[in-house]
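What follows is one structure encoded as structure tokens, with my remarks underneath.
Taken together, the values in this text are just the output of simple stated rules run on the coordinates, not laboratory data. Just so you know, these numbers come straight off a predicted model, no measurement behind them. No Cβ is skipped: glycine too gets one built from the backbone with ideal geometry, and neighbour counts run over all protein chains shown.
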Amino acid sequence: MDELNKLWDHPDPHILCTQVTPEDIDGLYHTNNAVYVNWCQQLAWTHSNALGLDLNSYQSLDRAMAIIHSEFHYLQASVEGDEIVAGTWITSWDRKLTMHREFQVIRPSDGITLLRAAMRFACIELSSGKPRRMPREFIEGYEPAVLRKDPTHHSK
């Protein structure tokens, strides 16, 4: 894993290790693009859970971080049997409504980055679907993981 640490775009990612299965392969004989999207979604959830904000927390707070924009840059293909390590970081946020998360998917066997992706999230009220300010629990849970704080925000 030390060699892998040099390949990450940012330090200390939250990671997901997986292997490309036969079910992941599409008609072009490589990993289907939707599989990468699913890995990123799984990774975002495991990171949120690790920070103490799981689906039950979202439901009890009547708040959620919902994807409002995503970008996927497919750089190289992977094939059945490839070991994959995906990493994510919360790269910035405004402490009020939105956060930005980045992803990187690496094939450790050759050190190749297969995908870079980014998602922007907005805090919504689950009961109405409308944007709402982040509750204190979100700020306390997510803030320690944010790489870059909003430069206009000053800590007390």
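Looking at region 13-91, the chymotrypsin sites (Phe, Trp or Tyr not before Pro) that sit in a DSSP loop and have at most 10 other Cβ atoms within 10 Å of their own Cβ are 29. Take every pair of alpha-carbon atoms less than 8 Å apart whose residues are at least six positions apart; their mean separation over the length of region 43-156 yields a relative contact order of 31 percent.
For the chain, modelled as a GNM whose springs connect Cα atoms under 10 angstrom apart, the maximal fluctuation among 52, 81, 141 occurs at 81. Between residue 19 and residue 68, the modelled label-to-label distance comes to 4.1 nm, taking each label 7 Å out from Cα in the direction of the beta carbon.
Note on residue 91 and residue 6: the extension gain reaches 28.8 nm, defined as 0.36 nm multiplied by sequence separation minus the Cα-Cα distance. Measure nothing but the geometry: give the 0 to 90° angle between the long axis through the Cα atoms of 33-50 and the longest principal axis through the Cα atoms of the chain, rounded to 10°. The answer is roughly 40 degrees.
Direction-averaged projected area, Cα convex hull, region 2-148: 9.1 nm², rounded to one decimal. Under 5 Å between amide hydrogens, built in the peptide plane, is the criterion, and for residue 14 it picks out 88 among residues at least 5 positions away or on other chains. Legend: ranking of residues 82, 26 from fewest to most surrounding C-beta atoms inside 10 Å; resulting order 26, 82. Around the amide H of residue 91, modelled in the peptide plane, lie the amide H atoms of 100, 101, 102, 147, all under 5 Å away and 5 or more residues distant in sequence or on another chain.
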